[in-house]
Amino acid sequence: MSEILVIRHGQGSFGQGDYDNLSEKGYNQSQILAEYLYNYRYKNKKIDALYCGTLKRQQQTAQTIIKYFELKGVQ
């Protein structure tokens, strides 16, 4: 059965020069999410595609997931 999972990006860098980047907490959030998906939710399953918006924090969150699942990239 097919499944679609919608994920929101990690926390942005509030009050800093470039809000569009993930904060340290945002990077940690994306790491925890990727570990959970890889080790529990999608263990031994294939992810066919990962779609991502154009904001830096969206792409940074997606890159963490891409690394865990060894995906070729984002669509």
Would segment 24-69 count as rounded, prolate or oblate if I go by the C-alpha gyration tensor, calling it rounded below 1.5 in a/c and otherwise prolate when a/b exceeds b/c, oblate otherwise?
oblate
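Based on other C-beta atoms within 10 Å, arrange I65, I7 from fewest to most.
Least to most surrounded, the residues fall as I7, I65.
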Packing-based exposure ordering (other Cβ within 10 Å, fewest first) of R8, R57
R8, R57
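Values in this text are rule-based calculations from the coordinates and carry no lab data. All of these numbers come straight from a predicted model, not from anything done at the bench. Cβ sites come from the backbone with ideal geometry, for glycine too, and all protein chains shown count toward neighbours.
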